[in-house]
Amino acid sequence: MNVLPKSIRKLIEELSRLPGIGTKTASRLAFFLLKQKDGEREALSRAIAELKTALQFCQQCHNLSESLLCEICADKHRDQNLICVVEEPLDVVALEQGRSYQGTYHVLGGVISPIDGVGPRELTIDKLLERLRGLSGQAEVILATNPSLEGEGTALYLAKQLKKFPEVRITRIAHGLPIGGDIEYADELTIKKALEGRREYKPG
Ligand code: ZN
């Protein structure tokens, strides 16, 4: 690779740090960018540069947002007493593709995983409980963590915490989702069915 100019080598090096991108793909992308028009390349580099400055976490649901409240939380037509708890922002994107859900979300920021040093405190669980304390009337929390070992464990932990709120109905999405499969990769119909088929969830 030393035969390549330093600027291209640097770009390949940076691109190959991205998930799922090896040196070969990074090289291909770098040369693709090289052939692009100046304007197109600048638009990409601007989008990357502006990424962090423009983004923050929604104060209510902790989804990625460009303002204090994300678009979903700020939407008056959304049912604020219906909260779907997910692991990551990409799960919100997937669930929104089902187009049938009219509630709000709560993004945990991961799952409880002692091996990885992630306990309940590392997630936004306290914020969820705080959020529930602020609600009035009947509410429902849909536990939509992934059907993995950690996802199930996190759902169980949450259900136990939510017992403190007798007015809150606790449900778990149906397992139309493949076991061990990620919500993030599920198709529209599977998502729709998983939400529609949700059931009461009670920790043992
Ligand atoms: Zn929000």
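Check which residues have an amide H placed less than 5 Å from ILE112's amide H, if you skip close sequence neighbours.
Under 5 Å from the amide H of ILE112: THR154.
Give a residue-ordered list of calculated ³J(HN,Hα) values for region 33-49 (Karplus: 6.51 cos²θ - 1.76 cosθ + 1.60, θ = phi - 60°; whole Hz; x for Gly, Pro).
4, 4, 7, 5, 6, 3, x, 5, 5, 5, 4, 5, 5, 5, 4, 5, 5
Whole number please: convex hull volume per residue of the Cα set in region 73-204, in Å³?
Numbers: hull volume 13.9 nm³, N = 132.
Hull volume over Cα atoms, normalised by residue count, gives 106 Å³.
In sequence order, what are the phi-derived ³J(HN,Hα) couplings for region 114-128 according to the Karplus relation 6.51 cos²θ - 1.76 cosθ + 1.60 with θ = phi - 60°, rounded to whole Hz, with x for glycine and proline?
x, 4, 8, x, 9, x, x, 5, 7, 9, 8, 5, 4, 5, 5
For LYS127, which lysines qualify as cross-link partners when the Cα separation must be under 30 Å and same-chain residues fewer than eight apart are set aside?
Counting by Cα, and skipping residues close in sequence, LYS127 has these lysines nearby: LYS52, LYS76, LYS160, LYS163, LYS164, LYS192, LYS193, LYS202.
Return ASP91, ASP182, ASP187 ranked ascending by Cβ neighbour count within 10 Å, so the fewest neighbours appear first. Intermediate values should be presented prior to the final figure.
Details: ASP91 24, ASP182 17, ASP187 11.
Taking fewest neighbouring Cβ atoms as first place, the list is ASP187, ASP182, ASP91.
Note down the relative contact order for the chain as a percent, whole number, built from C-alpha pairs under 8 angstrom at least six residues apart. Before the final figure, lay out the partial values.
Numbers: 287 pairs, mean separation 32.1, N = 204.
Contact order relative to length: 16 percent.
Under a 5 Å amide H to amide H cut-off, with H placed in plane at 1.01 Å, what residues pair with HIS106 once short-range neighbours are removed?
CYS84, VAL85, VAL86
Checking the a/c ratio against 1.5 first, then a/b against b/c, what shape does the Cα gyration tensor give for region 48-120? All intermediate terms of the calculation are to be shown ahead of the outcome.
Details: a/c = 1.85, a/b = 1.17, b/c = 1.58.
It comes out oblate by the Cα gyration axes.
Bear in mind these aren't lab numbers, they're just calculated from the coordinates by the rules spelled out. None of the values given here were measured: they were computed from a predicted structure. Backbone-built Cβ (ideal geometry, glycine too); neighbour counts: all protein chains shown.
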